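Novice: The structure follows.
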């Protein structure tokens, strides 16, 4: 294990005085074991920092998604409420006009007659299209 150990990073990550870590590195008896341990501690501290920053990014993305979703929900709710008010106004106008002009025929009755007429005209148009015969003169 000839790699250098970042004693400053380890001391700030684990709140251990840098002099204590340096003293462990300078001792001859267990230098390689201590160095190996400190390298592993440094790797774990770096992994922890990466996970912490990834969690922060995820939290920011989640917050952004929630805010965007809430804003969209408010916009859609407002749109629905506006449409409902417009429908109510149109219903009132329709009732008023229906009462003054044609008290015997309701709007639904008129719409059903219009739908039936449209269906009939489409059916007739289809029959005419099928009934057309292609005239090919024969030269005998």
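Novice: Give the residue, chosen from 42, 96, that is at negative phi and either surrounded by 11 or more Cβ atoms within 10 Å (Cβ to Cβ) or modelled with pLDDT of 90 or more (or both). Don't jump to the end; show me each part of the working.
Specialist: On the way: 96 fails: either surrounded by 11 or more Cβ atoms within 10 Å (Cβ to Cβ) or modelled with pLDDT of 90 or more (or both).
Residue meeting the stated conditions: 42.
Novice: Sticking with this one: Any residue in the stretch 79-96 that is under 20 Å from residue 108 (Cα atoms) sitting within a Cβ distance under 6 Å of a residue that is assigned to a helix (DSSP H, G or I)? List the pairs, counting only those 6 or more apart or interchain.
Specialist: Listed by first residue and then by second, the contacts come to 94/107.
Novice: Out of (1) surrounded by 10 or more Cβ atoms within 10 Å (Cβ to Cβ); (2) at pLDDT below 80; (3) assigned to a helix (DSSP H, G or I), the odd one out for residue 102 is which?
Specialist: Among (1) surrounded by 10 or more Cβ atoms within 10 Å (Cβ to Cβ); (2) at pLDDT below 80; (3) assigned to a helix (DSSP H, G or I), residue 102 violates only (3).
Novice: Please state which of the following conditions residue 34 fails to meet, knowing it meets all the rest: (1) out of contact with any helix residue (DSSP H, G or I) (no Cβ under 6 Å at 6 or more places or on another chain); (2) at pLDDT below 90; (3) closer than 30 Å to residue 22 by Cβ.
Specialist: All conditions are met except number (1).
Novice: When the residues of the stretch 10-21 are filtered to those that are surrounded by 16 or more Cβ atoms within 10 Å (Cβ to Cβ) and within 16 Å of residue 35 (Cβ to Cβ), which remaining residue is modelled with the lowest pLDDT? Working first, answer last.
Specialist: Initial filter on the stretch 10-21 (surrounded by 16 or more Cβ atoms within 10 Å (Cβ to Cβ)): 10-11, 13, 21.
Narrowing further to those that are within 16 Å of residue 35 (Cβ to Cβ): 10-11, 21.
Details: 10: 84, 11: 84, 21: 80.
Going through the qualifying residues, I end up with 21.
The values are calculated or read from the model by the stated rules, or taken from the named source; none is laboratory data. Treat the numbers as computed from the prediction; the structure is a model and nothing was measured. Glycine gets a Cβ as well: all are built from the backbone with ideal geometry, and neighbour counts include every protein chain shown.
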